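Notes to accompany the following structure.
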Amino acid sequence: METELPVFDSKLLEELRTDQSGAFEKLFNRYWHDLYKLAYRRLGNQSEAEDMVQDIFTNIWERRHTLEIRTSLQSYLRTALKYKIIRWLSREDIHKEAINHLFLRMEEMEETIIDVLVANDVKQTLEDAIGKFPENMRKIFTLRAENYTIYEIAEALGLAEQTVKNNNTEALRRLKVVLHDKHPDVSKSFFTILIVLTLN
């Protein structure tokens, strides 16, 4: 079942398709700031965020005569941004930042493991282990740590969902072995929450 476009969006798309004066400026002014904030929050880099959002609007402009959108413009643009961010993250060596992000999410779920999370040696162990993963496995686990879904990662990287799941499961298995070997006193809740946050 197709979702009916909001009246404003439908009108604006028609104005874009017919090259009406001010249509693109109206689109840009309405959605640029929202997209930029989302991009900057994920990337933490002003220039990268601006370039990424600019690319989205450039793509809209170049495809304006044939563009087909079956959801709201806001939803369409946010989805486009999400997949651009996933592809960007998959090309960057960001596993250290991803581990920090994952730790923060763990803290929100289980206060009793805060002492473990702030231990630099445990963080370093995880960072080193992830850095040694095969490229695809590292990308997939890093993106899961950034809270992207299996489906989103598969779509962005052009992989089967089962491939993404298999790589993520193997990454967790390897981390469990490393943690058990180097930090046998780490509480079971640490690894349990790691699984909850990255396996589903």
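The values are calculated or read from the model by the stated rules, or taken from the named source; none is laboratory data. No experiment lies behind these values; they were computed from the predicted model shown. Quick reminder, even Gly has a Cβ in these numbers, built from the backbone with ideal geometry, and neighbours come from all protein chains shown.
Considering only residues that are more than 22 Å from residue 43 (Cα to Cα) and charged (D, E, K, R), which ones fall in the stretch 136-188? Walk me through how you get there before you give the answer.
Going residue by residue through the stretch 136-188, those that are more than 22 Å from residue 43 (Cα to Cα) are 159-188.
Scanning the stretch 136-188 gives 161, 165, 170, 173, 174, 176, 181, 182, 185, 188.
Might you let me know whether the stretch 151-171 holds any residue that is of a type in the set (Ser, Thr, Tyr), under 16 Å from the mean Cα position of the chain (by Cα) and at pLDDT 80 or above?
Of the residues in the stretch 151-171, the ones of a type in the set (Ser, Thr, Tyr) are 151, 163, 169.
Remaining after also requiring under 16 Å from the mean Cα position of the chain (by Cα): 151.
From what's left, at pLDDT 80 or above: 151.
Checked the stretch 151-171: at least one residue is of a type in the set (Ser, Thr, Tyr), under 16 Å from the mean Cα position of the chain (by Cα) and at pLDDT 80 or above.
What helices (runs of 4 or more DSSP H) completely inside the stretch 5-118 contain at least 1 residues that are closer than 23 Å to residue 133 by Cβ, β-branched (Val, Ile, Thr) and modelled with pLDDT under 90?
Working: elements: 7-17, 23-43, 46-62, 73-91, 95-109, 114-117.
Of the helices (runs of 4 or more DSSP H) lying wholly inside the stretch 5-118, those with at least 1 residues that are closer than 23 Å to residue 133 by Cβ, β-branched (Val, Ile, Thr) and modelled with pLDDT under 90 span 73-91, 95-109, 114-117.
Could you pull out the residue among 70, 63 that is under 28 Å from residue 21 (Cβ atoms), touching a residue at least 60 places away in the same chain (Cβ under 8 Å) and basic (Lys, Arg)? Show your work before the answer.
Details: 63 fails: touching a residue at least 60 places away in the same chain (Cβ under 8 Å).
Exactly one of 70, 63 is under 28 Å from residue 21 (Cβ atoms), touching a residue at least 60 places away in the same chain (Cβ under 8 Å) and basic (Lys, Arg), namely 70.
Does the stretch 186-195 contain any residue that is at pLDDT 85 or above and small (Gly, Ala, Ser)?
The initial filter retains those residues of the stretch 186-195 that are at pLDDT 85 or above, namely none.
No, there is no match, as no residue in the stretch 186-195 is at pLDDT 85 or above and small (Gly, Ala, Ser).
When you go through (1) surrounded by 20 or more Cβ atoms within 10 Å (Cβ to Cβ); (2) at pLDDT 85 or above; (3) of a type in the set (Val, Ile, Thr) one by one for residue 198, which number turns out not to apply?
Failed condition: (2).
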